[in-house]
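Only one structure is covered here, and it is reproduced in the block below.
Just so it is clear, none of the values below were taken in a lab; they were calculated from the coordinates. In this text the structure is predicted, and so the values were computed from the model without any measurement. FYI the Cβ positions are ideal-geometry reconstructions off the backbone, even for glycines, and counts take in every protein chain you see.
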Amino acid sequence: MAQVFVCNELEMKDGDVRIVRQDRIEVGVYRHAGAYYAYRNHCAHQGGPACEGIVRNKVIDLLGPDKSFLGQTYDDNEPHIVCPWHGWEYKLTTGECAPDPKLRLRRHEVVKREGGVYVVI
Amino acid sequence: MNVMTPIVRDPAAEKFDTKRLLEHAEQQAADRRYEDFMIVDVDSHHYETGSYKDIFQYIEDPIIRDQFVHTKGQTLMLRSTGGFQEMAGRITRYEHRGAEPVPGAARHRDIVVTLKWMDALGVDVACLFPTPMLGLGLNPIIEVEAQYARAYNRWLTEHILAEEPRIVSMLYLPMNDPVAALKMVEDFSGRQGVVGFLVTTVRYKPLHDNAYMKLYRALEERGLPLAFHAATNWGDQSMHITNRFIASHALGFTWFNIVHMTNWVVNGIPERFPGLKSVWIESGLAWVPFLMQRLDNEYMMRSSEAPSLKRKPSDYMREMFYTSQPMEMIGNRTMLEETFKMINAETQLVYASDYPHWDMDLPSTIYDLPFLDLQAKKNILGENARKLFKLDTILSPEKKARLKERAAAVA
């Protein structure tokens, strides 16, 4: 295992992504709400570059007290990583596949030290 | 712990590039040594919308041509099979593909882009189909379907198929005009890259109508397959009661092939034209065992209603060809394996990517199946289609280069 330099802390703001490649391993490093998350850039579906797509919040149905459908909205507390090949979605803060938590993006540890952001590969 | 300096990219700052998007597919192709065999993709697409101006010039009827020019193609789309393919921006290639720089102005953009994704996937020959035209069978103006289909086929054969031997097609038939459909076969058979003809199955004229018998005979005589490409129609009365695209798509893309397959079989078309090969495209696979069981069960009770049949419906269906995409790979591999057995996949299944559409499948969806031996994988990925289309065995220049590299490494 090695700590791989991603960037200086000031370089990434919330919502930013960096793809780090070390030999054959690619990792997507995310900054979200001041924290860093890193996942293998490999979709559990067909191996697509999951971390190179968009991040979009979870969509939820809005139901009334009588369970009638009122519409849809985004859950701002649950951003999803969306694989650009087919749209498979993963929870940004855990890497779990949104519709099936048995599947996930492989997580990598992120280390902050001396003003730099590193990912453990 | 070591501190290393890797390659770091910001994907948001990069321009869309098919090769970059499909880098992982290219890695799969190299890892699995696809250069060892030919891969034929029986269902892929381009967006003919980008060539509308050129295609419109091929419309022979001056009135319809002017309609197309002034509506900028909307004449085609009076009723459409469209939907939310791009998933509100989630499938990024929809939004960005138009801006992709394409070097080599000497070749048509669609050829350059098609070869780019083919090389990434490891595909040697691709059967290319249009996209919005999948809904042209819904057009209430029969002459529009016939005129536009002929214009598109002329444009495709002259500007794409004649220019690139790795791209072939099964040409669109304007089935709402059986005479024009027959003329299409007579006029376009034998042109470079024409490996069969295509029925888009979102349509409401039954395909067992007597008006089509000359067409089927013409195809049978020429040894050309007839393909049935599914789509959905959200405006269909039954689809109209679905409120999510996932529902219309999941049902519609199987439903229209189920309906036409059922009519095809119970009306005895396979008995009437035993030499006519049919290919059922883009309905996945799970519907085939369902329909085989359903029709066999009813046929044993009601054979008097299908007297042309000499065997059970499933016996005919087992002799037809099916494209693999979108293959139902979720959760139950036993069912998938049984499905492969029921359709004689080793000889009747042909790989399809459907690239660049949202539910595309890579060759690895077939190659990685643990219940297939290597020969079965090669058959499904290429050999079955090569025989069906009577193609020579060819490998892409990229694959030839990889073979050369391997040979050099051994030496």
**OP:** Starting at the first residue of the range B:47-59, write each ³J(HN,Hα) from the Karplus equation 6.51 cos²θ - 1.76 cosθ + 1.60 with θ = phi - 60°, in whole Hz, x for Gly and Pro.
**Re:** 9, 5, 4, x, 10, 3, 4, 5, 5, 4, 5, 8, 6
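Any idea what the alpha-carbon Rg over 2.2 N^0.38 Å comes to for the range A:3-120?
Numbers: Rg = 15.8 Å, N = 118, 2.2 N^0.38 = 13.5 Å.
It is 1.17.
Where does chain B land on Rg(C-alpha)/(2.2 N^0.38 Å)? Before the final figure, lay out each step's value.
Values: Rg = 21.6 Å, N = 411, 2.2 N^0.38 = 21.7 Å.
The value comes to 1.00.
Based only on the alpha carbon positions, what is the Kirkwood hydrodynamic radius of the range B:264-324, in angstrom?
Details: mean 1/r = 0.0834 Å⁻¹.
Over the range B:264-324, the inverse of the mean reciprocal pair distance is 12.0 Å.
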Original post:
Roughly how many whole Å is it from the C-alpha centroid of the range A:1-54 to that of the range B:191-236?
Top reply: 48
Original post:
Can you give the three extents of the C-alpha atoms in the protein assembly as shown along their principal axes, from longest to shortest, in whole Å?
Top reply: 80, 73, 52
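Just want the ordering: B:Tyr351, B:Tyr58, B:Tyr322, from fewest to most Cβ atoms lying within 10 Å of their own Cβ.
Details: B:Tyr351 28, B:Tyr58 18, B:Tyr322 25.
Final ranking by Cβ density, sparse to dense: B:Tyr58, B:Tyr322, B:Tyr351.
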Original post:
What lysines sit close enough to B:Lys399 to cross-link, taking a C-alpha to C-alpha distance under 20 Å and skipping anything fewer than 8 places away on the same chain?
Top reply: B:Lys19, B:Lys116, B:Lys377, B:Lys378
Original post:
When we measure straight from the Cα of A:Lys13, which lysines land under 25 angstrom away, once same-chain ones fewer than 8 places off are left out?
Top reply: A:Lys58, A:Lys91, A:Lys112, B:Lys15
Original post:
Quick one: B:Tyr204, B:Tyr299, fewest Cβ neighbours within 10 Å first, how do they rank?
Top reply: B:Tyr204, B:Tyr299
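Dividing the alpha-carbon Rg of the range B:12-62 by 2.2 N^0.38 Å yields what?
The range B:12-62 yields a ratio of 1.82.
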Original post:
Under a GNM of chain B (C-alpha, springs under 10 Å), which listed residue has the highest mean-square fluctuation: B:Arg203, B:Arg107, B:Arg386?
Top reply: B:Arg107
Subject >> Average beta-carbon neighbours from other chains, 10 Å sphere, peptide A:14-24 >> reply: 3
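Exposure proxy check: A:Tyr30, B:Tyr172, A:Tyr36 ranked by fewest other beta carbons within 10 Å?
Working: A:Tyr30 22, B:Tyr172 26, A:Tyr36 19.
Final ranking by Cβ density, sparse to dense: A:Tyr36, A:Tyr30, B:Tyr172.
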Original post:
For the protein assembly as shown, which cysteines have no disulfide-compatible partner, meaning no other cysteine Cβ under 4.7 Å?
Top reply: A:Cys7, A:Cys51, A:Cys97, B:Cys127
Original post:
In a GNM of chain B with a 10 Å cut-off on Cα contacts, which of B:Pro313, B:Pro174, B:Pro103 has the highest mean-square fluctuation?
Top reply: B:Pro103
Original post:
Quick one: Karplus J couplings for the range A:67-79, per residue in order, coefficients 6.51, -1.76, 1.60, θ = phi - 60°, nearest Hz, x for Gly and Pro?
Top reply: 6, 6, 7, 10, x, 10, 8, 8, 8, 5, 8, 9, x
**OP:** At a temperature of 25 °C and a viscosity of 0.890 mPa s, determine how fast the range B:30-138 diffuses translationally according to Stokes-Einstein, using the Kirkwood radius over alpha-carbon pairs as Rh; express D in µm²/s, rounded to the nearest whole number.
**Re:** 150
Original post:
In a GNM of chain B with a 10 Å cut-off on Cα contacts, which of B:Glu35, B:Glu298, B:Glu23 has the highest mean-square fluctuation?
Top reply: B:Glu298
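Using only DSSP helix segments of four residues or longer, with each worth -39500 (n - 2.57), what per-residue ellipticity at 222 nm results for the protein assembly as shown after dividing by its residue count and rounding to 500?
Numbers: 19 runs with 170 residues, N = 532.
Counting only the DSSP helices, I get -9000 deg cm²/dmol.
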**OP:** Identify the trypsin sites (Lys or Arg not before Pro) of the range A:15-100 meeting these criteria: DSSP loop state and at most 11 other C-beta atoms within 10 Å of the C-beta.
**Re:** A:Arg24, A:Lys67
